[in-house]
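Below you'll find the structure I mean.
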Amino acid sequence: MVKKWNVTIPKLSGEKTRRVYLYLPDSYEKNPDKRYPVMYMFDGHNVFFDSDATYGKSWGLKEFLDCREKKMIVVGIECGHDGEERLSEYLPYPPSKTSHFAPFSPMGDATMQWILS
């Protein structure tokens with residue numbers, strides 16, 4: 001099962017919403033006290049559904065995980081889509097002045113702090 005809802009990340013994009021996707025294995029509903037490994041993925045809009053994917057084709061992770069013996073929880077977090085927001089959100093430190101990332105503000109730390117909070 002994949003649940004979707006909207007969140008805001010004020011330090012990244014103010015009050016503009018973005019989607020979070022949560023994959024739960026079928027066994028989760030039957031045994032909610034069981035512990036599962038959790039994997040966080042960027043570009044969450046591309047992870048599960050073709051209808052949400054940037055180029056109309058998702059990575060198909062739900063179908064893959066449904067067929068695997070090892071059960072886990074996956075959290076997919078959508079990136080900002082305005083201009084070059086995505087690059088800034090994932091950039092962990094200031095780039096060198098000669099890097100092709102030089103025009104972008106490093107907001108990777110704020111992204112990680114939001115995930116960890």
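Within region 53-91, which residues are at pLDDT below 95, among the basic types (Lys, Arg) and in contact with a strand residue (DSSP E or B) (Cβ under 9 Å, 6 or more places away or on another chain)?
Once the filter is applied, which keeps residues that are at pLDDT below 95, among the basic types (Lys, Arg) and in contact with a strand residue (DSSP E or B) (Cβ under 9 Å, 6 or more places away or on another chain), region 53-91 yields only Arg86.
How many of the residues in region 40-59 are outside any helix (DSSP H, G or I), open to solvent by less than 20 Å² (accessible area, probe 1.4 Å) and among the small types (Gly, Ala, Ser)?
We begin by selecting, within region 40-59, every residue outside any helix (DSSP H, G or I); these are 40-43, 47-59.
Still in the list and also open to solvent by less than 20 Å² (accessible area, probe 1.4 Å): 43, 47-48, 53, 58.
Pick out the ones that are also among the small types (Gly, Ala, Ser) and you get 53, 58.
Qualifying residue count for the region: 2.
Do we find a residue being free of Cβ contacts under 8 Å to residues at least 24 places away in the same chain, over 26 Å from Pro25 (Cβ atoms) and under 20 Å from the mean Cα position of the chain (by Cα) anywhere in region 64-73?
Taking every residue of region 64-73 in turn, none turns out to be free of Cβ contacts under 8 Å to residues at least 24 places away in the same chain, over 26 Å from Pro25 (Cβ atoms) and under 20 Å from the mean Cα position of the chain (by Cα).
What single numbered condition from (1) farther than 17 Å from Met1 by Cβ; (2) open to solvent by 90 Å² or more (accessible area, probe 1.4 Å); (3) in contact (Cβ under 8 Å) with a residue 40 or more places away in the chain fails to hold for Cys79?
(2)
Another question, if that's okay. Taking region 4-39 as the search range and keeping residues that are open to solvent by 80 Å² or more (accessible area, probe 1.4 Å) and either of a type in the set (A, V, I, L, M, F, W, C) or closer than 20 Å to Cys67 by Cβ (or both), which one is farthest from the chain's Cα centre (by Cα)?
The residue in question is Lys30.
The values are calculated or read from the model by the stated rules, or taken from the named source; none is laboratory data. Given the structure is predicted, the values throughout are model-derived calculations rather than measurements. FYI the Cβ positions are ideal-geometry reconstructions off the backbone, even for glycines, and counts take in every protein chain you see. Accessible surface is based on the protein model in full, side chains and every heavy atom, while ligands, DNA and RNA are left aside. Shrake-Rupley method; radii C 1.70, N 1.55, O 1.52, S 1.80 Å.
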